[in-house]
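Below: the structure, in structure tokens.
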Amino acid sequence: MTAAKLQAISRLCVFMYVGENDHYMWHDEMKREAEFLRSKGTVARYTVEKGQPHRIETLAGANACRLFDGFEETMKSCSK
């Protein structure tokens, strides 16, 4: 994503999840994007899901509550 696009979402809370075994470019790209957003004061998290491929099952079913916890956090505030 370009710096301009990241700047455009810098007022949002951003939660990124990537599977540990995902063979795409997501790891480095998402990590850099999260670091850039944090440098702008954004609440940005980059989480590697252990043992997971591109399709992350650790955020499905009963574990989907982790996603909803993020939604709750955004309701409080997305700035540090």
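Applying the selection to segment 44-80, what residues are more than 23 Å from Arg32 (Cα to Cα) and among the basic types (Lys, Arg)? Answer for segment 44-80, where residues must be more than 23 Å from Arg32 (Cα to Cα) and among the basic types (Lys, Arg): just Lys76. Specify which of the listed residues (Tyr24, Tyr17, Tyr46) is among the aromatic types (Phe, Trp, Tyr) and touching a residue at least 40 places away in the same chain (Cβ under 8 Å). Residue meeting the stated conditions: Tyr17. Can you find, within segment 16-73, the residue that is nearest to Met1 (Cα to Cα) among those that are of a type in the set (Phe, Trp, Tyr) and touching a Leu at 6+ places or on another chain (Cβ under 8 Å)? This residue is Phe36. Residue pairs whose Cβ atoms lie under 7 Å apart, separated by 6 or more positions or on different chains, with the first residue in segment 55-67 and touching a residue at least 24 places away in the same chain (Cβ under 8 Å) and the second outside any loop (DSSP other than H, G, I, E, B), are Ile56/Tyr17; Ile56/Gly19; Ile56/Glu49; Leu59/Tyr17; Leu59/Arg66; Leu59/Leu67. Among the residues of segment 1-39, the ones that are farther than 19 Å from Gly70 by Cβ and either of a type in the set (Lys, Arg) or open to solvent by less than 30 Å² (accessible area, probe 1.4 Å) (or both) come to 3 in all. Selection of segment 43-72 for residues being open to solvent by less than 70 Å² (accessible area, probe 1.4 Å), out of contact with any Gly (no Cβ under 7 Å at 6 or more places or on another chain) and not in a helix (DSSP H, G or I) yields Val43, Ala44, Tyr46, Thr47, Val48, Gly51, Thr58, Leu59, Ala60.
The values are calculated or read from the model by the stated rules, or taken from the named source; none is laboratory data. What you are looking at is a predicted structure, and each value in this text was computed from that prediction instead of being measured. Cβ coordinates were reconstructed from backbone atoms using ideal geometry, including for glycine residues, and neighbour counts include every protein chain displayed. What goes into the accessible areas is simple: the full protein's heavy atoms, side chains included, and nothing from ligands, DNA or RNA. Shrake-Rupley method; radii C 1.70, N 1.55, O 1.52, S 1.80 Å.
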